[in-house]
Every structure is written in structure tokens, then in C-alpha cells.
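Visitor: Here it is: the structure, laid out below.
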Amino acid sequence: MPFVTHLECANCAAEYSAGEIHGLCTKCNRPLWVRYDLELIRREFPQKALFGRPPTLWRYLELLPVEDPLNIVSLTETITPILPVNRLGSEFGLQNLMIKDESRLPTGSFKARGMAMAVTMAKELGLKRLAVPTAGNAGGALAAYAARAGLESWVFMPEDTPIINQKECVLHGANVYSVNGLIDDCGKLVGEGKSEMGWFDVSTLKEPYRIEGKKTMGLELAEQFDWELPDWILYPTGGGTGLIGMWKAFGELEALGWLKGGKKPKMVSCQSDGCDPMVRAFESGARHAKRVNNACTIASGLRVPKAVGDFMILDAIRDSGGLAMSSPENEISKWMHLSNSTEGVAVCPETAVCLGVLDQLVSQVKVKPNERVLVFNTGAAQKYPESVNIELPKLDLSQPVDWASLPLV
Ligand SMILES: *Cc1c(COP(=O)(O)O)cnc(C)c1O
Ligand SMILES: [Zn+2]
């Protein structure tokens, strides 16, 4: 949109012009923010202009980077519902617990928001070949949106990436490679191959637009809450674009004067204790996180041992008065079962980690019973068959069923 003024390094504030291809800041190798003329938007984009626009993330076009709407690459990124979950809430002693269910998006995770935007911008800027390291869902989303745009995608994933993610990438026509390392090792390969292979690196935060897509989570939930934000937002954190993007959205809405009471939520960055670099950095007061060696969690989206935007995550949670906290890896299955069985909401292992953190926040009386708490379900449980172990009792058709032996509750 004409409202973009420039791009700005999140670390050294170096400025770059919009409408050109950019990766990380060329001076300090850190991520770039997209900056808008919020004064102009404030004058020309009244809140009521939203009325009647289609219920997709593109309704916030004035706050998005795309110049020509004809370049939009979309699979219909629907507004995701905010579900009140009172039965689950009462398990924690909470009266106002809600889940924003991002599993409804194309490819079954919130990664669709970022990739819809990144691929749209890639198309607008004339890029043809896109590459990404992925813990799973980002690869699936890139492959799908690249196919939708008629662009080429290259995906590099750790060999323990959920099998569904491996297959969805192949089905969407990506060039997929399995790597015997972690996501940052895959990231190195994408960087190394750049000049020879001629691809553009769409890694988390290494291009400026995925975060603008993730930002729509914040814009959307603000509108859903009638511009009066909840007290707490719990978000599972890997590379951090979701949390950083939402915090950027709240800042922009504040500048537009759209937030009632100007109140913003406390942001909680949730990780598994199997891979919790942000929690360690938060607790030690550092602005950068150390790489976690031997990162190991079934919540594949959180298996990020080192994030290039670590300081942006930490700034956001500290500015908000929130925190970073981990939950035990061996409780993920318990929390998945609780949400899935008490409410029918199919939360992914990453979100199960948020429930484990919520449990601790309530027992430490950090979260009060009547506060409004929003937990993000970032992906569909159905994408993680590996995380659920079951053995079904068998019925043998050659024998009459002994109904008295079945348990009644
Ligand atoms: C990628 C991913 C995350 C982590 O998101 P970031 O914004 O990279 O921190 C959480 N949950 C799921 C399901 C994911 O795919
Ligand atoms: Zn810089």
C-alpha cells in the first residue's frame, strides 16, 4: 500500500527503501521492520472502513506492505474464531479463558498468514525461486502458497520433522530435502546455497514480510475483542514471528488511536523445557539468547535452538509486562488430551505447552481467576500423529461381544 514509508533495522535503525528486495540488515545482519505512515493512515483509514470487507486477513490492507492488490496470493485466509472454553477454564480456576483457533487456516497452521504475505511480496518484487528451512509447518505453507502463485519452492527440514509436513511439501510440488541436523543447520544450508542456486531466503525474520502476515493475528483479535484487548496472551514461541508480529500490531493500533483505554496485553512466550532459549535469556536478564544444544521437543514448531529475532521477542515480552516460561516436555501429551477431550478443540503440542505454562501462572497467582486470557492454538492436532500414543481395545468379530466387560462411566 502507499502507506509504507520505508524499512528499518530492528537493531541499528538503518533505513532501507520499500519496493526493493531485502533480507537482513546489510550492516548488522538483524531483521528489518516495515514502517508505515501511521499519521496518514489515521487520517485516511477510519475504523468504519472495515465494515463490509471480506472476513480475511486482507481486510487490513492499509496496514499491510502489498503495493498492488492484484499481486495478492491467497487461499482465503479466514478470520479465525475465538472460542470461549469455560470447561477447560474451570480446570485452571479461570472464568475467562479463550482459544483463538489458527488451525482453521489453509495448511492447518498460522504459518499460512506469514507465507501468504511473504509469497505475495515475492511475487510483487519479481522473485521466482523461494527457499526455507523449516521445523514443519512453514515448509508446508511455503510450498502451498508458492504453488498457488506459480513460483518454485525449496524446503530443507530436519530428518525428525513430522511425516505429515514432509508429505504436504512434496504434494505441493516443493523440492524437499531431509537434513540430519536442527532447523538452524537447515538455515545455514539455505544461506550457503543462495548464490549458486539463485533462491530467495524466506526464513523466519530473514525477509521482512512474514512478520507483517503474522501481525494480522493482532489486528484481527483486536477487532474481534471490539478493540479492548485481553489481559494475557499466551503464545508458543519458536522463531518468534507470531509474538513479535502481534506486539507490532498492537503498537500500530495504539498509534492509530484504535485501542480502547490504550491497554495492551501481557505477552507470555511459552516454550518446552526441551528447548527453552528464550526462557533462559528472559530469566537471566539478557537481550540475546544462547543457542540451546540438544534441543529436543515433540512440539516441532518450538524446536528452534537459536532465533535471529531473539532480542525482538525479549523486548516485546518485557515491554508488555509479560514473561517467558517453560512447561515440562513430558506433560505435553497430558495437556493435549485435556483440551481435546474437555472442549473438542484440537490443540497442537505447541499449544499444549501454553496450557502447561498457564497452569503454573495460575498457581503462582500471576494470572487472576477473572482475568481475560487468550491462548493461541497455532496448528491442528491432526498434523501431529507422532505426538499421540494410543492402543485401542480390539473387538473380534468371530466372537460374540461381551458387553458386560465394557467399562461404563
Ligand atoms: C512455527 C510454529 C510455532 C512457533 O511460531 P513462531 O512464530 O516461529 O515463534 C508455534 N506453533 C506452531 C504450530 C508452529 O508451526
Ligand atoms: Zn542493522
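Visitor: Give the calculated FRET efficiency between Arg35 and Tyr177 to the nearest 0.05, with a Förster radius of 30 Å applied to their Cβ-Cβ distance. Walk me through the intermediate numbers first.
Guide: Numbers: r = 36 Å, r/R0 = 1.18.
The value I calculate is 0.25.
Visitor: Assuming R0 = 51 Å, can you tell me the calculated FRET efficiency for the pair Asp185 and Leu406, based on Cβ-Cβ distance, to the nearest 0.05? Don't skip to the end; give the middle numbers.
Guide: Values: r = 50 Å, r/R0 = 0.97.
According to the calculation, E is roughly 0.55.
Visitor: I would also like to ask the following. Where the centre of each part is set by its Cα atoms, how far does the stretch 24-70 sit from the stretch 111-166, in angstrom?
Guide: Answer, in whole Å: 22.
Visitor: While we're here: Among Leu253, Leu57, rank each residue by its count of other Cβ atoms within 10 Å, from fewest to most, as a rough exposure measure. If you can, show how the numbers build up before the last one.
Guide: On the way: Leu253 22, Leu57 26.
Neighbour counts put them in this order, fewest first: Leu253, Leu57.
Visitor: Compute the signed sum of charges (Lys and Arg +1, Asp and Glu -1) over the other residues within less than 9 Å, Cβ to Cβ, of Met246. Working shown, then result.
Guide: Working: positive: Lys214, Lys215, Lys248; negative: none.
Net local charge, Met246 excluded: +3.
Visitor: To the nearest 500 deg cm²/dmol, what mean residue ellipticity at 222 nm is calculated for the chain from DSSP H runs of n ≥ 4 alone, each contributing -39,500 (n - 2.57), summed and divided by the residues? Provide the component values of the computation, followed by the final result.
Guide: Values: 12 runs with 142 residues, N = 409.
One gets -10500 deg cm²/dmol as the mean residue ellipticity at 222 nm.
Visitor: Loop only by DSSP, 13 or fewer other Cβ within 10 Å of the Cβ. Give me the GluC sites (Glu not before Pro) in the stretch 143-180 that pass, ordered by residue number.
Guide: On the way: sites: Glu152, Glu159, Glu168; in loops: Glu159.
Those that pass, being in a loop and sparsely packed, are Glu159.
Visitor: Report the local net charge at Leu338: Lys and Arg +1, Asp and Glu -1, summed over other residues whose C-beta lies under 11 Å from its C-beta. It would help to have the intermediate numbers written out before the result.
Guide: On the way: positive: Arg87, Lys334; negative: Glu91, Glu331, Glu343, Asp359.
Local charge sum for Leu338: -2.
Visitor: For Met197 and Asn293 in the same chain, what is the full-extension length gain: residue separation times 0.36 nm, less their Cα-Cα distance, in nm?
Guide: Details: separation 96, 0.36 × 96 = 34.56 nm, distance 2.96 nm.
Gain on extension, Met197 to Asn293, equals 31.6 nm.
Visitor: Principal axes first, then extents: for the Cα atoms of the chain, list largest minus smallest coordinate on each axis, whole Å, largest first.
Guide: Per principal axis, max minus min of the Cα coordinates gives 73, 52, 47 Å.
Visitor: Only sites in a loop by DSSP and with at most 16 other Cβ atoms within 10 Å count here; which trypsin sites (Lys or Arg not before Pro) in the stretch 347-409 make the cut? Write down the numbers at each step before the final one.
Guide: On the way: sites: Lys366, Arg372, Lys383, Lys394; in loops: Lys366, Lys394.
Hits after loop and neighbour filter: Lys366, Lys394.
Visitor: What does the net charge come to around Met217 if you take all other residues with beta carbon closer than 15 Å to its beta carbon, with K and R at +1 and D and E at -1?
Guide: Result for the local shell: +2.
Visitor: For the stretch 309-409, which GluC sites (Glu not before Pro) pass both filters: DSSP loop (anything but H, G, I, E, B) and at most 11 other C-beta atoms within 10 Å?
Guide: Numbers: sites: Glu329, Glu331, Glu343, Glu350, Glu371, Glu386, Glu391; in loops: Glu371, Glu391.
Within the stretch 309-409, the qualifying GluC sites (Glu not before Pro) (loop, at most 11 other Cβ atoms within 10 Å) are Glu391.
Visitor: Going 7 Å from the Cα of Asp160 in the Cα-to-Cβ direction, what parts of the stretch 307-335 have a backbone nitrogen less than 20 Å from that spot?
Guide: 307, 326-335
Visitor: Quick check: Cα centre of the stretch 212-283 to Cα centre of the stretch 358-409, how many Å?
Guide: Going from one Cα centre to the other spans 27 Å.
Visitor: Sticking with this one: Please work out the FRET efficiency for the pair Asn330 and Ser284, using the Cβ-Cβ distance as r and a Förster radius of 25 Å; give the result to the nearest 0.05. Each step should come with its number before you reach the end.
Guide: On the way: r = 24 Å, r/R0 = 0.98.
Efficiency computed from Cβ-Cβ geometry: 0.55.
Visitor: Further question: Using 0.36 nm times the number of residues separating Lys27 and Lys394, minus their current alpha carbon distance, what extension gain do you get? The partial results should precede the final answer.
Guide: Working: separation 367, 0.36 × 367 = 132.12 nm, distance 6.31 nm.
Additional length available on full extension: 125.8 nm.
Visitor: Considering only DSSP beta bridges with both partners in the chain, what is the antiparallel share in %, to the nearest 5? Mind showing how you got there, number by number?
Guide: On the way: 14 of 45 bridges.
Bridges in the chain that DSSP calls antiparallel: roughly 30 percent.
Visitor: Right, here's the next one. Using a simple spin-label model with points 7 Å from Cα along the Cα→Cβ vector, what separation in nm is obtained for Arg43 and Arg129?
Guide: 4.6
Coordinate-derived values only; no laboratory data. These numbers were taken from a predicted model, which means no experiment stands behind them. Don't worry about glycine lacking a Cβ; one is built from the backbone with ideal geometry, like all the others, and counts go over all protein chains shown.
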